[in-house]
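Here's the structure, in structure tokens; my notes come after.
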């Protein structure tokens, strides 16, 4: 059958991936590359179909600005629309003339064809598309009634899809965990006290337990503190992780990144490693949070961030679609020096923010440039910063 997503980008050469390149290179299988490209295309078509669902096809065909589209809508609608319209331009579903976004011709909005092609190339990964379909079917009241995105996207109908999405078996998500694991393992010494921020569905803890046992370094972890702000995730982790992450010395704690950690029982200089996978970018005040995190680490301790990265601050990436409806993702304090935009950041922006907070010896796995210059769609990395 004809591939609906066009030619697939070649994997990056080993010399661009740094010292741990051979392990990172294993990510770039044909199924992974297909899933990555197909997800971007499916997201773009879902975005445009959502705008059609909202009754805006005629306005797009005649040309509309962001201001015109937002007129009469709740104020919260502006940020996701400000992301969607340029994203649709990058995926060639809209064109832009000045401030106007225009729909021309008959765009290909077939979703079934993408699913069928991916099922051949990467069978069993339909959950990524199920989640996109679920967002589209649930999110309209965000625009029409001003309902909160969190309540719409994390209701009982969609919650199981999120749990399946944040699994190591999901090719689209696994790189976040693998690269962070490589960073953790690199300088792990006996007696290490680890705290994971926003540990969520627990897939990283599972990977640490499995690979740490296989490679013989799990015994170096003296404590693994699993934290999250959501009671649902904590309850699930306390119930399940002892079975699916055996050998990991787990403790559990409710923890809100946006409250002083000292007020929540995390003593100064009490930790060796702090880990956050796609969580620290939602800090309400990034400067204050990074300063607080550094103060919880002993001298020489490490902050490891697994983050979705952007090649430039203006370049939209498809993973942002899910989160552009969530207030904690969009409503953060901005500063042109170390927090210029909400959401995902560039590698350079992270270096600036971490250095400003007093971290040193900031490194990335893999080295982000010139990798991202040659492969702009490579948009994940692990950043390590020493206290």
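A count restricted to the stretch 189-223 and to residues that are assigned to a strand (DSSP E or B) and over 25 Å from residue 158 (Cα atoms) stands at 7. Limited to the stretch 63-93, what total is found for residues that are free of Cβ contacts under 8 Å to residues at least 60 places away in the same chain and over 17 Å from residue 5 (Cα atoms)? Number satisfying all stated conditions: 15. Of the residues in the stretch 284-301, none is touching a helix residue (DSSP H, G or I) at 6+ places or on another chain (Cβ under 7 Å), at pLDDT 95 or above, surrounded by 15 or more Cβ atoms within 10 Å (Cβ to Cβ) and not in a helix (DSSP H, G or I). Screening 11, 86, 4 for residues that are surrounded by 12 or more Cβ atoms within 10 Å (Cβ to Cβ) and assigned by TED's automatic domain parsing to the domain that holds residue 135 leaves exactly one candidate, 86.
Run down 143, 226 and say which single residue is in a helix (DSSP H, G or I), touching a helix residue (DSSP H, G or I) at 6+ places or on another chain (Cβ under 9 Å) and modelled with pLDDT of 95 or more. Going through 143, 226 in turn, the sole match is 143. Of the residues making up the stretch 148-188, those that are over 30 Å from residue 17 (Cα atoms) and in a loop (DSSP other than H, G, I, E, B) are 148, 154, 155, 156, 157, 158. Here residue 51 does not fit the description of being at pLDDT 95 or above and touching a helix residue (DSSP H, G or I) at 6+ places or on another chain (Cβ under 6 Å).
Looking only at the stretch 60-77, decide whether some residue is surrounded by 16 or more Cβ atoms within 10 Å (Cβ to Cβ) and outside any helix (DSSP H, G or I). Looking for residues that are surrounded by 16 or more Cβ atoms within 10 Å (Cβ to Cβ) and outside any helix (DSSP H, G or I), one finds at least one in the stretch 60-77, hence yes. Number of residues in the stretch 203-251 that are in contact (Cβ under 8 Å) with a residue 12 or more places away in the chain, within 23 Å of the chain's Cα centre (by Cα) and within 28 Å of residue 284 (Cα to Cα) equals 16. Restricting 351, 341 to those that are without any contact (Cβ under 8 Å) to a residue 40 or more places away in the chain, surrounded by fewer than 22 Cβ atoms within 10 Å (Cβ to Cβ) and part of a loop (DSSP other than H, G, I, E, B) reduces the list to 341.
The set of residues in the stretch 360-387 that are assigned to a strand (DSSP E or B) and within 12 Å of residue 17 (Cβ to Cβ) comprises 364, 365, 381.
The values are calculated or read from the model by the stated rules, or taken from the named source; none is laboratory data. None of the values given here were measured: they were computed from a predicted structure. Glycine also receives a Cβ, built like all others from the backbone with ideal geometry; neighbour counts cover every protein chain displayed.
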